[in-house]
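Inspection log for the structure reproduced underneath, given as structure tokens.
The values are calculated or read from the model by the stated rules, or taken from the named source; none is laboratory data. Since the structure is predicted, the reported quantities are computational estimates derived from the model, not experimental observations. FYI the Cβ positions are ideal-geometry reconstructions off the backbone, even for glycines, and counts take in every protein chain you see. Ligands, DNA and RNA are stripped out before the accessible areas are found, and what is left, the full protein with its side chains, is counted by its heavy atoms. Shrake-Rupley method; radii C 1.70, N 1.55, O 1.52, S 1.80 Å.
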Amino acid sequence: MPHQPLVSIVTPLYNQKRFIEETLHSVLSQSYDALEYIVVNDGSTDGSRAVLDKYSDRITIVDQPNSGQARALNHGWSISKGTYIGYLSSDDILAHNCVEQLVARLEADEGVVCAYPNCNLISPASELLKRGVSRPFDLEELIVAQECHIGPGALWRASTHRLIGGWRPELKLAPDREYWMRLAAHGRFYFETQELAGYRLHPGSISSSTTSEEVSLEYVHVLEEYFKGASIPESLLARKGEAFANAYWLIARNMLREGNIGAATRYLRHAHLADPSSSNLNHIATLIRSSVGKPLRHMAGWIRRAVGA
């Protein structure tokens, strides 16, 4: 690429000493030269900060009290200078040519607001677990089914980011999904089919905390705000009831996992009112599998490990 616009990547870091060095290497070894790398140390207490010091001549280090992922990212993006920006979690990795490939697409088509690669699932030891788990971006799937398959490595236009604002720090469940909803109103998303990133699965990457009713209601609040906006596609307006029904089903699932049968029943009624067709046997079977089957499988696995089976 004869002209290389600056790319700014932000990594929010909180107690990932085990993985952060591999993440740093994957960014600093990119085939793309015009790269600004900002790591926001979000109050780490495990010695992660000492790892950053070894790379202080090649990265920008920002220290802040522990404030959460969204605030760490927003801080990093606020001081970035790139034409394109992105983020990489402190336990994920990029292939050496990831940035180069994505920037080429963004430069070639001004209608593309965001470009992201296919990614593989990797183990704590960086072993391949599953290939190609990302999918092309689908706004209707994101809004209606609350499903999004954008993994590590996404880059988007900084000018659009400044226009729409950063992640909403008050959101606990999926501030990234809400952000993609806003970003999608300003251009197309390009999916690079090459597997150019690794999403690491490990116990620390999955929250073990419970999901309260108040937090779960984010599903509904985000939809309410979205559908108040202007220029909603007709295809999505036609599926508004289905979207709210799915949001209420997700809340009901969380309430069942919490053992709150009364609340679960109440949100199932809301789902039926939003879209009567949602109250079918397939939905009910899915709800049972996701709220009961998974915890039971986890318990069975724990028992097997405990008894040495």
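Would you call residue 104 surrounded by fewer than 16 Cβ atoms within 10 Å (Cβ to Cβ), outside any strand (DSSP E or B) and among the hydrophobic types (A, V, I, L, M, F, W, C)? First the steps, then the outcome.
Details: surrounded by fewer than 16 Cβ atoms within 10 Å (Cβ to Cβ): yes; outside any strand (DSSP E or B): yes; among the hydrophobic types (A, V, I, L, M, F, W, C): yes.
Answer is yes for this residue.
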**Prompt:** Looking at region 71-101, which of its residues are open to solvent by 60 Å² or more (accessible area, probe 1.4 Å) and of a type in the set (Asp, Glu)?
**Reply:** 100
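Residue 64: in contact with a Pro (Cβ under 7 Å, 6 or more places away or on another chain) and of a type in the set (S, T, N, Q), yes or no? It would help to see each step written out before you state the result.
Numbers: in contact with a Pro (Cβ under 7 Å, 6 or more places away or on another chain): no; of a type in the set (S, T, N, Q): yes.
For residue 64, the condition - in contact with a Pro (Cβ under 7 Å, 6 or more places away or on another chain) and of a type in the set (S, T, N, Q) - is not met.
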**Request:** Would you please list the contacts, defined by Cβ atoms under 8 Å and residues six or more apart or on different chains, that run from a residue in region 124-135 that is more than 13 Å from residue 197 (Cβ to Cβ) to a residue that is open to solvent by less than 100 Å² (accessible area, probe 1.4 Å) and part of a loop (DSSP other than H, G, I, E, B)?
**Result:** 124/201; 124/202; 129/123; 129/201; 135/149
**Prompt:** If you scan region 60-70, which residues turn out to be open to solvent by 50 Å² or more (accessible area, probe 1.4 Å) and of a type outside the set (Ser, Thr, Tyr)?
**Reply:** 63, 65, 66, 69
**Request:** For region 20-59, name all the residues that are closer than 21 Å to residue 126 by Cβ, out of contact with any helix residue (DSSP H, G or I) (no Cβ under 9 Å at 6 or more places or on another chain) and either open to solvent by 40 Å² or more (accessible area, probe 1.4 Å) or of a type in the set (Phe, Trp, Tyr) (or both).
**Result:** 22, 25, 29
**Asked** For residue 260, which of the numbered conditions (1) of a type in the set (S, T, N, Q); (2) within 14 Å of residue 146 (Cβ to Cβ); (3) over 27 Å from the mean Cα position of the chain (by Cα) fails to hold?
**Response** (2)
